[in-house]
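Let me begin by presenting the structure, written as structure tokens, before commenting on it.
Derivation of every value follows stated rules applied to the coordinates shown; laboratory data play no part. Since this is a predicted model, take the numbers as computed values, not measurements. Glycine gets a Cβ as well: all are built from the backbone with ideal geometry, and neighbour counts include every protein chain shown.
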Amino acid sequence: MGWVALTTFLLLILTLTVLMDLAFNWVFYITVLGQLLVGVMVYRVLRDPYTSDKTFDDFYEDFPISRE
């Protein structure tokens, strides 16, 4: 979850730099860095060794439906 938080924080910083009307080159570099971080974040999340015994039949993990 660290990569998700870092990427979210950087993209929020990007939004603030646009709102503060910073120079275009700073906005461009932060945008490129944000795109790279999104790629790294997706790769890291997909390659995470997380396993679960839940299936799609269990519906949502935070709101399980009892099987009858």
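Using alpha carbon coordinates only, what is the Rg to Rh ratio of region 2-46, with Rh defined as the Kirkwood radius? Could the numbers behind the result be given before it?
Working: Rg = 11.1 Å, Rh = 10.7 Å.
Rounded to two decimals, Rg/Rh equals 1.04.
Mind checking the full-extension length gain between LEU22 and LEU36? Use 0.36 nm per residue of separation minus the Cα-Cα distance, one decimal, nm. Can you show the working numbers first?
On the way: separation 14, 0.36 × 14 = 5.04 nm, distance 2.09 nm.
Fully extending the segment from LEU22 to LEU36 adds 3.0 nm.
For PHE56 and ILE13 in one chain, what is 0.36 nm times their gap in residues minus the Cα-Cα distance, to one decimal in nm?
Value of the extension gain: 11.8 nm.
How do TYR50, TYR29 rank when sorted from fewest to most other Cβ atoms within 10 Å of their own Cβ? It would help to have the intermediate numbers written out before the result.
Values: TYR50 6, TYR29 13.
Fewest-to-most Cβ neighbours within 10 Å comes out as TYR50, TYR29.
Gain in length, MET1 to VAL45, computed as 0.36 nm per residue apart minus the alpha-carbon separation, to one decimal in nm? Intermediate results must be reported in sequence, preceding the final value.
Details: separation 44, 0.36 × 44 = 15.84 nm, distance 0.81 nm.
Extra length available between MET1 and VAL45 comes to 15.0 nm.
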